Amino acid sequence: MVPDVTPTGIVVQKYGGSSVADAEKIKLVAQRIARTKAAGKKVVVVVSAMGKTTNQLIEKAKQVNPSPSRRELDMLLTCGEREAMALLSMACAEQGSIHAPSKRASWSAPRSPSSPTTRRVPRSITTSTG
């Protein structure tokens, strides 16, 4: 635990691309989220794009423009993250009592002034990695 931080009962779980690379892995993540909720914790989940999606999107961008603008590249990369979060939300719903609407980072706290390519979870949050 981070020193001088009061536990909140909120667990942040961050799942990288290999953890959500396909439907079966997404279902396993949903099961882990369900277990954490069943233990009485509030859960915030952050997901990356599935598998190699980010690399594939960057390659597509470079095929149309070798030096794409940072803004448009960030917009493109959010597509992969949105795909993963929507599928995970569906898998959580399949678990039964988990209502887990997908949300863009800008719709929820903590806020980060950085772009999707450089965003980080603040150190003041207790985290549980997936």
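The values are calculated or read from the model by the stated rules, or taken from the named source; none is laboratory data. Keep in mind that what you see is a predicted model, and the values were worked out from it rather than measured. Ideal geometry is used to build each Cβ from the backbone, glycine not excepted, and the neighbour counts take in all protein chains shown.
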Completion exercise
Checked the stretch 59-87 for anything touching a strand residue (DSSP E or B) at 6+ places or on another chain (Cβ under 6 Å) and either surrounded by fewer than 16 Cβ atoms within 10 Å (Cβ to Cβ) or modelled with pLDDT of 95 or more (or both); matches are ALA84
Practice task
Please work out if LYS37 is at pLDDT 95 or above and out of contact with any His (no Cβ under 8 Å at 6 or more places or on another chain).
Solution key: no
